[in-house]
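Student: What follows is a structure written as structure tokens; I'll ask about it next.
What follows draws every value from the coordinates through simple rules; no lab data is involved. All values reported here derive from a predicted model rather than from experimental measurement. Cβ sites come from the backbone with ideal geometry, for glycine too, and all protein chains shown count toward neighbours.
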Amino acid sequence: MPSAKGANKPGSVTTGNVLEDLGFSPQEIREMEIKHDLWVPIRAEIEARKLTQSQLAKLLEIHQPDASLLLRGQITRFSITRLLEFASRLRLTVTFNVTPMADAPPASAAVRIPMRTTKPRSKSAQGAPDNPARRIARA
């Protein structure tokens, strides 16, 4: 039976940031945060449209195994540029806010990319690829 003396002692001292504790550099951590901030609204849009992996693969112009990775959140396999392309193909708007370092909030309070609110879509528009003629007509 363990002694009561050591029961409340922490096993190790942490910084409060798991990624930092695991040895990732600040640049690697920021890249992971940006990818995550892009992935969250992409995932929400996919769920709102109720797309299957094969429909998603066709819409994003990727292979089905990559669609599976995206749905499971394995975003380290995708570059920021590729995630931006996915957002565009899902007709999501992405905005960036760049400020001087002196005015920037600490990394833990960084501005997140807001998730677009989605409206229920008609059945015909769910898996349909973007039609340039429709885009012009809507503009």
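Student: Assuming R0 = 22 Å, can you tell me the calculated FRET efficiency for the pair ILE29 and THR99, based on Cβ-Cβ distance, to the nearest 0.05?
Tutor: Values: r = 18 Å, r/R0 = 0.83.
E(calc), rounded to 0.05, equals 0.75.
Student: Percent relative contact order of the range 22-94, based on C-alpha pairs within less than 8 angstrom and at least six residues apart? Don't skip to the end; give the middle numbers.
Tutor: Working: 42 pairs, mean separation 28.8, N = 73.
39 percent.
Student: Which distance in nm do the two modelled labels at THR81 and THR14 give, with both placed 7 Å along the Cα-to-Cβ direction?
Tutor: Result: 3.6 nm between the two label points.
Student: If a/c stays under 1.5 just call it rounded; otherwise compare a/b with b/c (prolate if a/b is bigger, oblate if not). Do that for the range 37-88, with a ≥ b ≥ c from the square roots of the Cα gyration tensor eigenvalues. Could the numbers behind the result be given before it?
Tutor: Values: a/c = 1.43, a/b = 1.17, b/c = 1.22.
Here the range 37-88 falls in the rounded category.
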